[in-house]
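Undergrad: Next up is a structure, given as structure tokens.
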Amino acid sequence: MPAARESLLEAAGAALSARPWPDVRMVDVAAAAGVSRQTLYNEFGGKAGLGRALVRREADRFLDGVDRVLSAPAQAAERLAAVAEWTVRAARAQPLVRALLTGAWDPGLPAAGGRAPGPGDLARAVRDRAAAALTPGEGPQRCELAVRLALSYVIAPGEEPGAGELRRLLSAPTRTAGAR
């Protein structure tokens, strides 16, 4: 039933973009997906299960986007800047991604549940994916900097630096903790 599951998640996502989660009705999600309400309940167990699956899917989509950005043929600093830009864009466009990255859950969003990654989990996943995608010696410190820089713009939105500024920040020599 993977096709029905994906259709239901798409329908739930569309419903959530139109109204707060407490106002999303299971009957409407099932109808929009072209399945019976019983199929919806069989697949997710209830509205809470549907919400948790929707949150998990958004986390997976966000990390898939990170992987796409990191796979681009470019210098390390450019890829890290692209990860930072992707993170900010994804968080601004998708309230669930913003909530996952910040831990700030609006009452209009479905509850994450215990199986959804928290902000620290996602930050580590992005950092680890970036470190794995870069050649050795390109610096896990820069990966950490890219993640933290992006999260700072998600948490405290402001005027975003341009891609050139991000590349400059991420390609600057890093100092070790004891260096002066």
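The numbers here are math on the coordinates, done by the rules we state, and not lab data. What you see is a predicted model; the values in this text were computed from it and never measured. Cβ: placed from backbone, ideal geometry, glycine included. Neighbour counts: every protein chain shown.
Undergrad: Using Cα-Cα distances under 8 Å and only pairs 6 or more residues apart, what relative contact order does the range 1-45 have, in percent?
TA: Values: 27 pairs, mean separation 17.9, N = 45.
Across the range 1-45, relative contact order equals 40 percent.
Undergrad: Could you give the semi-axes, largest first, of the ellipsoid that matches the range 1-45, computed as the square roots of 5 times the alpha carbon gyration tensor eigenvalues and rounded to whole Å? Could the numbers behind the result be given before it?
TA: Details: eigenvalues 55, 22, 14 Å².
Ellipsoid semi-axes (Å, largest first): 17, 11, 8.
Undergrad: Two-decimal Rg/Rh of the range 43-132 from alpha-carbon positions, Kirkwood Rh?
TA: Ratio of gyration radius to Kirkwood radius for the range 43-132: 1.02.
Undergrad: Also, I was wondering about something else. Taking the Cα centre of the range 4-67 as origin, work out the dipole magnitude from +1 charges on Lys and Arg Cβ and -1 charges on Asp and Glu Cβ, in debye rounded to 20. Display every interim value, and only then the final one.
TA: Values: 9 positive and 9 negative charges, 59 e Å.
Dipole about the Cα centre, nearest 20: 280 debye.
Undergrad: Can you tell me how much longer the chain between ALA18 and LEU63 gets when fully stretched, taken as 0.36 nm per residue apart minus their C-alpha distance, in nm with one decimal?
TA: Values: separation 45, 0.36 × 45 = 16.20 nm, distance 2.43 nm.
Here the segment from ALA18 to LEU63 would lengthen by 13.8 nm.
Undergrad: Relative to the Cα centre, what is the charge dipole magnitude of the range 92-156, using +1 at the beta carbon of each Lys and Arg, -1 at the beta carbon of each Asp and Glu, and rounding to the nearest 20 debye?
TA: Values: 8 positive and 5 negative charges, 10 e Å.
That gives the range 92-156 a dipole magnitude of about 60 debye.
Undergrad: Which of the peptides 97-106, 41-50, 74-83 is most tightly packed, and how do the rest follow, going by the mean number of other Cβ atoms within 10 Å of each residue? Please list the in-between numbers first.
TA: Working: 97-106: 18.2, 41-50: 16.1, 74-83: 21.5.
For the peptides 97-106, 41-50, 74-83, the packing ranking is 74-83, 97-106, 41-50.
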